Amino acid sequence: MRIAAWNVNSIRARLPNVLEWLREAAPDVVLLQEIKTTEDSFPRLEIEDLGYTCAINGQKTYNGVAILSKQPLRDVKHDLPNGDGDDHARWIEARVDARDGGVRVASLYLPNGNPVGTDKFAYKLAWMDRLAAHARDLLAAEEPLVLGGDWNVIPADDDCHDPAAWAGDALAQPDSRRRFRALVHSGFTEAWRALHDERHIYTFWDYQAGAYQKDNGIRIDHFLLSPQATDRLAACEIDRGPRARPKASDHTPIWCELRD
DNA sequence: ATGCCGGGCGAAGCCCGA
């Protein structure tokens, strides 16, 4: 089973690119972030025409996440527990009902958190704490589990082109990295890093200043796998193709392959 | 570099992203 994650930076603006990539890459499951639209305006029919069923946690203008799957989706849950008034659409989870026993997946869009020292950064850290608590509960089920999406965390300095340029950024703060590391150490495997020794490999390149052409990027889109999913992990790759296309998202897809 | 691009909203210019 191949599971991909992609921050598309508006599903409506990106629809031709997304449909082309779905036809070419044909993942079994796709975790989308920043769809930037409500379920009413989500291009469900075009995506269903390619054989996918859709589960959507949408929001007008900002955020929004979705799960696309060629197999049926069960037990769809919107939002992390204990939101306490949080109205950002940044989480959706579901169980993929497949012959191999299936897998639970979540599509997450972790808050950016800039500027550091503001309520936005506090919101990022609080969201990460809520995520850690829910992840502990999910791990307790001892099932194959894949948490994928835009984590807005640069795990280490060699996951970006210029650590000095990112030192003051919310994505590289010790408080952000510590929470990410603690989550991994609570029982997950970061799939791409587990399978790759290469440094300075990226999933995001800014639109500005020719960042993609100069490969000035950061690695912030990740998969965290439970032990039961890690046992089945066969590959994890970053697909740079879509970032080079006209009208690209500033993120490119990442995917992992689980053995049946 | 901190808004140089790009998207949403809505019909100009501002908010937001990372």
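The values are calculated or read from the model by the stated rules, or taken from the named source; none is laboratory data. Worth saying up front: this structure is predicted, and the values here are computed from it rather than measured. Quick reminder, even Gly has a Cβ in these numbers, built from the backbone with ideal geometry, and neighbours come from all protein chains shown.
Residues that are more than 22 Å from A:I220 (Cα to Cα) and either surrounded by 15 or more Cβ atoms within 10 Å (Cβ to Cβ) or under 19 Å from the mean Cα position of the chain (by Cα) (or both) within segment A:72-83 comprise A:L73, A:V76, A:K77, A:H78, A:P81, listed in sequence order. Say we look at segment A:1-35 and pick out the residues that are of a type in the set (S, T, N, Q) and within 17 Å of the chain's Cα centre (by Cα); which of these is nearest to DNA strand B (Cβ to nearest atom)? Residue satisfying both the conditions and the ranking: A:S10. Selection of first residues in segment A:188-209 that are more than 16 Å from DNA strand B (Cβ to nearest atom) and of second residues that are part of a helix (DSSP H, G or I) and among the β-branched types (V, I, T), restricted to Cβ pairs under 7 Å at least 6 apart or on distinct chains, gives the following pairs, ordered by first then second residue: A:T189/A:T230; A:E190/A:V184.
Every residue, every condition in (1) under 19 Å from A:V65 (Cβ atoms); (2) of a type in the set (V, I, T); (3) surrounded by 15 or more Cβ atoms within 10 Å (Cβ to Cβ), yes or no:
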| position | (1), (2), (3) |
| --- | --- |
| A:P16 | no, no, no |
| A:W21 | yes, no, yes |
| A:P27 | yes, no, yes |
| A:V30 | yes, yes, yes |
| A:Q33 | yes, no, yes |
| A:K36 | yes, no, yes |
| A:D40 | yes, no, no |
| A:T53 | yes, yes, yes |
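When A:I201 is tested against (1) over 16 Å from the mean Cα position of the chain (by Cα); (2) more than 13 Å from A:I154 (Cβ to Cβ), exactly one condition is not met: (2).
Residues that are within 11 Å of DNA strand B (Cβ to nearest atom), without any contact (Cβ under 8 Å) to a residue 60 or more places away in the chain and under 18 Å from the mean Cα position of the chain (by Cα) were ranked within segment A:110-135; the one that is surrounded by the most Cβ atoms within 10 Å (Cβ to Cβ) is A:K124. Can you run down the residue pairs with Cβ atoms below 7 Å, 6 or more apart or on separate chains, where the first is in segment A:248-260 and among the acidic types (D, E) and the partner is modelled with pLDDT under 95? Once the first residue is among the acidic types (D, E) and sits in segment A:248-260, its partners that are modelled with pLDDT under 95 give A:D260/A:D100. Could we say that A:L145 is away from DNA strand B (no atom under 11 Å from the Cβ), surrounded by fewer than 19 Cβ atoms within 10 Å (Cβ to Cβ), farther than 22 Å from A:N63 by Cβ and touching a residue at least 40 places away in the same chain (Cβ under 8 Å) here? No, not satisfied.
Regarding A:L183, is this residue modelled with pLDDT of 95 or more and over 17 Å from A:N7 (Cβ atoms)?
The answer is yes for A:L183.
Take the conditions (1) closer than 15 Å to A:I220 by Cβ; (2) polar (S, T, N, Q); (3) touching a helix residue (DSSP H, G or I) at 6+ places or on another chain (Cβ under 7 Å); A:Q173 misses just one of them, which is (3). Only one entry of A:A244, A:A235, A:A248, A:A194 meets the criterion of being buried (at least 17 other Cβ atoms within 10 Å of the Cβ), aliphatic (A, V, I, L, M) and at pLDDT 95 or above, and that entry is A:A248.
Taking first residues from segment A:18-47 that are farther than 24 Å from A:W151 by Cα and partners that are within 13 Å of DNA strand B (Cβ to nearest atom), the Cβ contacts under 7 Å between residues at least 6 apart in sequence or on separate chains come to A:S41/A:R12; A:P43/A:I11; A:P43/A:R12; A:P43/A:L15; A:E46/A:L15.
Does segment A:57-71 include one or more residues that are among the small types (G, A, S), buried (at least 22 other Cβ atoms within 10 Å of the Cβ) and within 13 Å of DNA strand B (Cβ to nearest atom)? Within segment A:57-71, one or more residues are among the small types (G, A, S), buried (at least 22 other Cβ atoms within 10 Å of the Cβ) and within 13 Å of DNA strand B (Cβ to nearest atom). Within segment A:210-232, the only residue that satisfies the criterion of being near DNA strand B (Cβ under 9 Å from one of its atoms) and in contact with a Cys (Cβ under 7 Å, 6 or more places away or on another chain) is A:I218.
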